[in-house]
1. When DSSP beta bridges are limited to those with both residues in chain A, what percentage is antiparallel, rounded to the nearest 5?
2. Find how much the distance from residue A:162 to residue A:485 grows on full extension, using 0.36 nm per residue of separation minus their present alpha carbon separation; answer in nm with one decimal.
3. Have a look at the range A:150-283 and give its Rg and Dmax from the Cα atoms, expressed in angstrom.
4. Could you tell me the distance between the Cα centroids of the range B:188-255 and the range A:60-82, to the nearest Å?
5. With equal scatterers on the alpha carbons only and no solvent term, can you work out the Debye log10 of I(q)/I(0) for the range A:143-183 at 0.19 1/Å?
6. Looking only at B:200, B:168, B:140, which one moves most when chain B is put into a Gaussian network model with springs between Cα atoms under 10 Å?
7. Calculate the spin-label point distance for residue A:605 paired with residue A:179, positioning each point 7 Å from the Cα along the beta-carbon direction, and give it in nanometres.
8. Can you show me the helix-derived [θ] at 222 nm for chain A, built from DSSP H runs with n ≥ 4 at -39,500 (n - 2.57) apiece and divided by the number of residues, rounded to the nearest 500.
């Protein structure tokens, strides 16, 4: 039997059935418990980090299946709102600028959300009573039918005076809002014809979140069949795709602090970047919302959760695709010869430490710390080091599920391709270590080298187009090209920095330093604006994660940066390095960002452990 | 199916007076081919669209076009890649300035318009209710693509995408209660197509491959098939279909067929093959206003080796 690729993913996560979602994906909420708490939350994570999957698992059908409970027993009712560019953000909306765009845009968002919310509510298996129905009829009349009629709306659908169920009323609300949406769409379609005469007049009704959607939901929430005292979670996915006015509107809704009725859960791909409300003030954390940065969880002491999660995901995917052995360690085996040799070295070191009088824990720590680096150091050709093995692949993925799944998929496809050349076709039961190693090395290369090349090309093209525009004001052109040049230089500097650090950490790995498995650095002093700009760019692009730690003098905080382990194969680093970080002077990093060659020369001249200035702390110091 | 004529024959075929000749200047040599031939016909007005982001790369081709019509009124209209809203108004302004526009005869060289600008142009023509018989579209083929790359799988026309947006006038109606079905008329721009699909994240996908071709380059034909296959392998749940690049009406019909099959979904179209098929997409979307046409702006064009002009001129109506 030929297995299909167990790491194929559907184009759209939200299309997974509740059974598949619950089957395939493990519970992540032990790590992200604030996501399920009352309160507005921003959930930030790179593409592929699992945000949509979390939202899928928070939808009622999944929760009812997993918890085997009734709707009334749910902790919240999760409504999924996917913001795909074609759905929410039309090009024509640009014409609304300076034409009451915030009011009109709020109306558009409100009716979109109302349509979606009541459609999803209509599909829930409420255990409703006559009381529920009577109350909902009254809510419908007062907060929907009469409200819209007062505003001049002529109902397009026949009003059902004797609905038989909540489902029927919810569905009526949804369908009538769909009609409102159609009318709005018609208005939007004619915007460009109206814009030429500067005649953007809107004569339709205008609905707002605060005095329409919120009020209805506040009433609906109080129905006896609803979870008592529990809010709606409106889960807006990929909110980066909203335009600026729409973001302002969402921020304004967040600022209203309606968390007992509606909590907004907003997922972003780290590109939301706009937190002002319609009134000009900013929403802040933790005052207005809490924030979860998915990458954080995977580099803190909670990283074991991530590994367990991936194990669970691999196990479930393999089971679902009919594999007899679903052990991730067997599916992604290590290079056996390499691991045996490392183990032999480990045992040797362990024994030596015991002979030197160290206790078992100390001996173990020593052996663990040095066995793999020394093995890598002793290799005749270090490029032959294999990155195969489940543990290494998990480390390399750096807390991003997609950074595990995508290479895994490519690995399986490569196995299939290789097998085509064999006369005897056997089912693929695991991914060979050679395939794992070659695929992950290529993935690592593309994630760094190709990525930077592409980004720099894009910026150069941007500059060409600005420079070549004869109609642009010269002063603006100068400003804009200056800005783009700065961005290009920042990219080059970041590329130099990553290059320098990658090679430096490789050097440390192969040195005689006491801590060799280094993947992070902390700053001894405050960076200047040039260096700060480069470090910030590194964080934005996902190459670095930033934290603050106590400084080595115990007098305050220092900035700590951790490299994305996806670059480990590219620079011959040990991806399991979590233990060590080095303090470094900013002046040294300033050399690195300007030229990795100069940085290399500096290191050759001064050595890894020598100081740059005896008055300042050492270049590289051990954390206490 | 449209049969081409040799470009040298164009002046013999156009035996009527053209009130407005509309074209787009470009860095491509192809932008000069039809204007040069048409200069021997009776043309009263010439409207040349220029993308101001790339005009310095045109080597003054817009002026060359004007020079072909020394006794004709010519005007340049400015477009910008990142400003679709003003672009739409700029195109509209051409037609707003024409008295009794519905009685005028238009000849449009579609060859070097961007897909988006061409669709905007088509939309304006329909809004102005200009009769179909009064508008002649034309297209000159390429004898080769990406001429600076010898290896077939390295050939490229554009790289990367900057932004994805609906074409103004083709926003469609995206029912939030329906899923999204994306139909792609695949060309040879693999990376751009993949980025568009990944960004839109449709619930379902139809990938079209052309069964006919106007390029004389067999390599280009083979490349198109290869790119289509790569996409089908990547998006293994997608459906595949064939479409014509030589007949807008056949494209319209094929899209209608697919749309019926996915009538429960919102339909989004990405026209990424030649301009003839793009007009076909425009016709379909115009007849079905709930359909959206999406456009992805490219980050980089292969300006050095984009195309070599062919000799076949296609004349068609919408």
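1. Details: 11 of 35 bridges.
Here the share of antiparallel DSSP bridges comes out near 30 percent.
2. Numbers: separation 323, 0.36 × 323 = 116.28 nm, distance 6.69 nm.
Full extension from residue A:162 to residue A:485 adds 109.6 nm.
3. 17.7, 53
4. Cα centroid to Cα centroid, the span is 40 Å.
5. -0.54
6. It is B:200.
7. My value for the distance between the label points is 8.0 nm.
8. Working: 25 runs with 307 residues, N = 624.
The helix-only estimate for chain A comes to -15500 deg cm²/dmol at 222 nm.
Every read-out reported here was derived from the displayed coordinates using simple, explicitly stated rules and does not represent laboratory data. Since this is a predicted model, take the numbers as computed values, not measurements. Reconstructed Cβ throughout: ideal geometry from the backbone, glycine too, with neighbour counts over all protein chains shown.
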